[in-house]
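Heads up: the structure comes next, in structure tokens.
The values are calculated or read from the model by the stated rules, or taken from the named source; none is laboratory data. Everything numeric here is computed off the predicted structure, so don't read it as measured data. Virtual Cβ from ideal backbone geometry, glycine too; neighbours counted across all protein chains shown.
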Amino acid sequence: MDLKVTTLEELKQYAQGQIVELPPFADGQPFIARLGRPSMLELAKSGSIPNALLSTAGDLFTGSRMNTKKDNAMSEIFQVIETMCRATFLEPKYDDIKAAGVNLTDEQMLFVFNYTQKGVESLKSFRKIPEHNDSAGNDAAV
């Protein structure tokens, strides 16, 4: 295999993110956005993930068992995922979506979180549409 150095132009292109189809808001309401893959380390360094949430964020990112018995566990998880959404949406911006009075669905937020961790390839399982299976034998006339 012949390796070549990634050019600065290619790196700039990567930084512009990818156009991704997210789960729809409802049937017939597609949601397509430009997403980037932020660095949790950069978010922590910049203070976007407050120190109080670093433990929760670390557990989410490493897949560690979280202490869900804490009174505010779900709130902390939501705050981390919302921080990731804010950093991931390039177009439209997450804050603009919220300012317009639109709330992402749980499925959309988890989709974005999965995208931040594994990129667009990991999203294929979210997008699977079941195929019609004639051999299933459960298509009786209604």
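A few comments on the model shown:
- Taking each residue of segment 1-25 that is under 17 Å from VAL112 (Cβ atoms) and looking for partners that are part of a helix (DSSP H, G or I) and β-branched (Val, Ile, Thr) with beta-carbon atoms closer than 8 Å, six or more apart or interchain, yields GLN18/VAL120; VAL20/VAL120; LEU22/VAL112.
- Candidates are the residues of segment 38-63 that are closer than 23 Å to GLY17 by Cβ and in contact with an Asp or Glu (Cβ under 9 Å, 6 or more places away or on another chain); the one that is modelled with the lowest pLDDT is ALA57.
- Residue ID - farthest from GLN108 (Cα to Cα), chosen from residues in segment 1-35 that are part of a loop (DSSP other than H, G, I, E, B) and touching a strand residue (DSSP E or B) at 6+ places or on another chain (Cβ under 9 Å): GLN16
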